[in-house]
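Some notes on the structure that comes next.
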Amino acid sequence: MKIINLISDMQTESLAARLANKTIGFVPTMGFLHEGHATLIEQARKENDMVVLSIFVNPLQFGPNEDFDAYPRDIARDEKIARELGVDYLFYPTIEEMYKEDRTTLITVEKRVDVLCGKKRPGHFDGVATVVMKLFQIVMPTQAYFGMKDAQQVAVIEGLISDYHLTVQLVRVNTIREEDGLAKSSRNVYLTPKEREEAPALQQALQLGEGRLEQGASIYETKEFVENHIKEHTGSEIDYVEIYSYPDLKVVKEPRDGESLIIAVAAKFSKARLIDNIVFSYTKGEN
Ligand code: AMP
C-alpha cells in the first residue's frame, strides 16, 4: 500500500490507472476505521482493479460548536487496517493541502438539505459536497462507495453527480451493525456503558415504525410511536424523528405503494450524537 499526501501525486497515480483502462474504487472516510468502513473497502476491493481510501477530517463540514477537534483519530491503526484490507493507495492529505488560502469557490447544496441533519447542521452538506467534489477530481474514481448510514449524504452526493455530469458511479452500501443492531460509528466510543446498552433502541424503533406505517398508521402516528419508543428505552435527547421520500427527501402526506421512504433519527447521548435510518419500499399491509 502506498501512502500519498500530495494531491498531484494522487492524480498522477490515478491518471496512469485510468489511461491503462483500470477501474478505480474509491472509499472516502474521516478515518478511525471500523467494520462499516471495512465493508465499503472490501466491496471496492472485489469490484475494482485499484482501491483508493481517503482519510481526511474535513473542517468545512463541521459547525463551530461541533466535534472537529474531538473527532477520534488514529492514523497508525487505520494504516494497518487499510493494508490488511488490500487498499492500494491511502490518500491522507493535510488541511493546508486540501484548502489553499486563495480558494475562490464553494459548492452550495440547494435541495435535499432543508431537513434532517442538513437542517440541524447548517452548511454541513456544503462542506461535504465541496470536499467530495475535490476528492473526485483528485482520485478520478470509476466507482465511489458510500454507506447508507449517512443516507442524506448519499442523497446529496447523488444530486451532485447528476448536476455536474460526473461519470463516477455511486455505490450505496447498506449500514453495517453491531450484533444488537446498533449502527457502527466512529462516535460509538463516546457512549457510556449504559448508553451503549440503550443505543440499539434507535434501530428497533425504526423497524417497529416501518411496521406500524405499513399496517396503516399515519405519518404523524408513526413518528410519535418511534419517538416514544426511543424515549422509553434510552436517556438520549431526540434531535429529530422524521419520515420523507427517498432520495428526494420531500414531505410525504400519504405513502403510496412502492414509494421509497426513509425514517430517520438523530439522538444526543451525553457525549455523542448518533444517527440512524431505515430506507424501504412502502408496502401497505406488510410486516
Ligand atoms: P465517515 O468516516 O464517518 O465519514 O464515513 C465514511 C463512509 O463510511 C461514509 O460513506 C459512511 O456512510 C460509511 N459508513 C460509516 N459507518 C457505516 C456503517 N455502520 N455502515 C456502512 N457504512 C458506514
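The values are calculated or read from the model by the stated rules, or taken from the named source; none is laboratory data. Treat the numbers as computed from the prediction; the structure is a model and nothing was measured. Glycine also receives a Cβ, built like all others from the backbone with ideal geometry; neighbour counts cover every protein chain displayed. For accessibility, only protein heavy atoms count, side chains too; no ligands or nucleic acids. Shrake-Rupley method; radii C 1.70, N 1.55, O 1.52, S 1.80 Å.
Provide a single number: the residues in the stretch 120-135 that are away from the ligand (no atom under 12 Å from the Cβ), closer than 23 Å to Lys223 by Cβ and at pLDDT 95 or above.
Count: 1.
Can you find a residue that is under 19 Å from Phe280 (Cβ atoms), touching a Leu at 6+ places or on another chain (Cβ under 9 Å), of a type outside the set (Lys, Arg) and away from the ligand (no atom under 16 Å from the Cβ) anywhere in the stretch 204-217?
Within the stretch 204-217 (the criterion being under 19 Å from Phe280 (Cβ atoms), touching a Leu at 6+ places or on another chain (Cβ under 9 Å), of a type outside the set (Lys, Arg) and away from the ligand (no atom under 16 Å from the Cβ)), the answer is yes, since at least one residue qualifies.
So which of Arg256, Arg172 ends up being within 15 Å of the ligand (Cβ to nearest atom) and either of a type outside the set (Lys, Arg) or out of contact with any Ser or Thr (no Cβ under 9 Å at 6 or more places or on another chain) (or both)?
Arg172 is the lone residue from the list that is within 15 Å of the ligand (Cβ to nearest atom) and either of a type outside the set (Lys, Arg) or out of contact with any Ser or Thr (no Cβ under 9 Å at 6 or more places or on another chain) (or both).
Of the conditions (1) within 14 Å of the ligand (Cβ to nearest atom); (2) surrounded by 18 or more Cβ atoms within 10 Å (Cβ to Cβ), Asp88 satisfies every one except a single condition; which number is it?
The one condition Asp88 does not meet is (1).
Checking Ile238 against (1) out of contact with any Ser or Thr (no Cβ under 6 Å at 6 or more places or on another chain); (2) in a helix (DSSP H, G or I): exactly one of these is not met. Which one?
(2)
Name, by its number, the condition in (1) of a type outside the set (Val, Ile, Thr); (2) buried (at least 18 other Cβ atoms within 10 Å of the Cβ); (3) at pLDDT 95 or above; (4) at negative phi that does not hold for Ser185.
Tallying (1) of a type outside the set (Val, Ile, Thr); (2) buried (at least 18 other Cβ atoms within 10 Å of the Cβ); (3) at pLDDT 95 or above; (4) at negative phi, Ser185 fails exactly one: (3).
Pull out all pairs, ordered by first then second residue, where Cβ-Cβ is under 8 Å, the residues are six or more apart or on different chains, the first lies in the stretch 136-157 and is within 24 Å of Lys250 (Cα to Cα) and near the ligand (Cβ under 7 Å from one of its atoms), and the second is modelled with pLDDT under 95 and hydroxyl-bearing (Ser, Thr, Tyr).
Matching pairs, first to second residue: Lys149/Ser185.
Counting only residues that are open to solvent by 20 Å² or more (accessible area, probe 1.4 Å), free of Cβ contacts under 8 Å to residues at least 60 places away in the same chain and either within 17 Å of the chain's Cα centre (by Cα) or within 13 Å of the ligand (Cβ to nearest atom) (or both), how many does the stretch 39-56 have?
Number satisfying all stated conditions: 1.
Quick one: in the stretch 188-228, of everything that is acidic (Asp, Glu) and surrounded by 14 or more Cβ atoms within 10 Å (Cβ to Cβ), which residue is nearest to Arg273 (Cα to Cα)?
Glu195
Would it be correct to say that Leu249 is out of contact with any Lys or Arg (no Cβ under 6 Å at 6 or more places or on another chain) and touching a residue at least 24 places away in the same chain (Cβ under 8 Å)?
Judged against the criteria, Leu249 is not a match.
Go through Ser8, Ser14 for me and flag whichever is among the hydroxyl-bearing types (Ser, Thr, Tyr), touching a residue at least 40 places away in the same chain (Cβ under 8 Å) and more than 13 Å from the ligand (Cβ to nearest atom).
After ruling out the rest, the residue left standing is Ser14.
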